[in-house]
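Report on the following structure.
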Amino acid sequence: MLNEIDLETGKLRDIKNIVVRRASDMRGFFSNSEALEKLIESGDPIIYEVFEWKYSSSPGNLSYAVTVLRSGDVGGEFYMTKGHYHEKEEMGELYICLRGRGLLLMQNREGDVKWSEMKRGNIAYVPPGYAHRSINVGDEEFIFLAVYPSDAGHNYGDIKEKGFRKLVMKKGDGYEVVDNEKY
Ligand code: M6P
Ligand code: ZN
């Protein structure tokens, strides 16, 4: 029940599950698929890793995970997580940033879309019904802790098909949030 996190690196002492997402796992998620294929051919780098702790999946339990999102871009679109709705859409989530600079992009089925800038110490709340994706807009790793109901589930299908309403693109030394023409 008691775990320990290194607040500098996000490293958890006890981990129940690790998910590694390489460029080749991200097909369908980045808007420029040609640029993604080039990245896959040039060594298929890791985009992000998720280190999860879970007690039980039964209703009422909470789980948490540290995500380490690398820095980079695919055709100008910053490295990001796949993003998902919860299978149980009535369930929310809490994000706490430990390191780096990122955005938490959220949208609901009614067409509302919003994003929070994330830097060390920021806490962002994902309300029920909002799909959520993290984007690394900095030049070092973006590391955050997320806490969510253990039975919330991940629904990637709608995101893979249509994406989010907004894309987060490189602009000079910073970023811009633009409309996703394919949505
Ligand atoms: C956070 C949580 C996890 C999620 C991870 C990566 O840690 O929201 O549930 O798995 O980010 O995001 P995704 O599953 O969308 O790739
Ligand atoms: Zn979630």
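Sub-7 Å Cβ pairs linking a first residue in the range 164-183 that is among the hydroxyl-bearing types (Ser, Thr, Tyr) to a second residue that is part of a strand (DSSP E or B), at least 6 apart or interchain, are Tyr175/Phe78; Tyr175/Val168; Tyr175/Met169, ordered by first then second residue.
Here's the yes/no breakdown for (1) aliphatic (A, V, I, L, M); (2) within 11 Å of ligand 2 (Cβ to nearest atom); (3) part of a strand (DSSP E or B); (4) surrounded by 22 or more Cβ atoms within 10 Å (Cβ to Cβ):
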| site | (1), (2), (3), (4) |
| --- | --- |
| Ser63 | no, yes, yes, no |
| Thr67 | no, yes, yes, yes |
| Lys88 | no, yes, no, no |
| Lys114 | no, no, yes, no |
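Of all residues in the range 18-33, those satisfying the criterion of being within 16 Å of ligand 2 (Cβ to nearest atom) and not β-branched (Val, Ile, Thr) are Arg21, Phe29. Residues that are more than 13 Å from ligand 1 (Cβ to nearest atom) and of a type in the set (A, V, I, L, M) were ranked within the range 155-173; the one that is surrounded by the fewest Cβ atoms within 10 Å (Cβ to Cβ) is Met169. Taken together, the criteria exclude Ala152 from residues that are part of a strand (DSSP E or B) and surrounded by 13 or more Cβ atoms within 10 Å (Cβ to Cβ).
Residue-by-condition table, conditions (1) touching a strand residue (DSSP E or B) at 6+ places or on another chain (Cβ under 9 Å); (2) under 24 Å from Asn32 (Cβ atoms):
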site	(1), (2)
Glu110	no, no
Val113	yes, yes
Asn122	yes, no
Ala131	yes, yes
Ser134	yes, yes
Ala146	yes, no
Glu161	no, yes
Arg165	yes, yes
Asp179	yes, yes
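Scanning the range 10-61 for residues that are touching a Phe, Trp or Tyr at 6+ places or on another chain (Cβ under 7 Å), farther than 23 Å from Glu161 by Cβ and either modelled with pLDDT under 95 or assigned to a strand (DSSP E or B) (or both) gives Leu12, Ile18, Trp53.
Might you let me know whether the range 78-85 holds any residue that is assigned to a strand (DSSP E or B), under 21 Å from Tyr175 (Cβ atoms) and at pLDDT 95 or above? The answer is yes, given that some residue of the range 78-85 is assigned to a strand (DSSP E or B), under 21 Å from Tyr175 (Cβ atoms) and at pLDDT 95 or above. Taken together, Leu94, Leu98 contain a single residue that is more than 12 Å from the chain's Cα centre (by Cα), more than 15 Å from ligand 2 (Cβ to nearest atom) and part of a strand (DSSP E or B), which is Leu98.
The values are calculated or read from the model by the stated rules, or taken from the named source; none is laboratory data. This structure is a prediction, so every number in the text was calculated from the model and none was measured. Here Cβ is always computed from backbone atoms with ideal geometry, including for glycine, and neighbour counts include all displayed protein chains.
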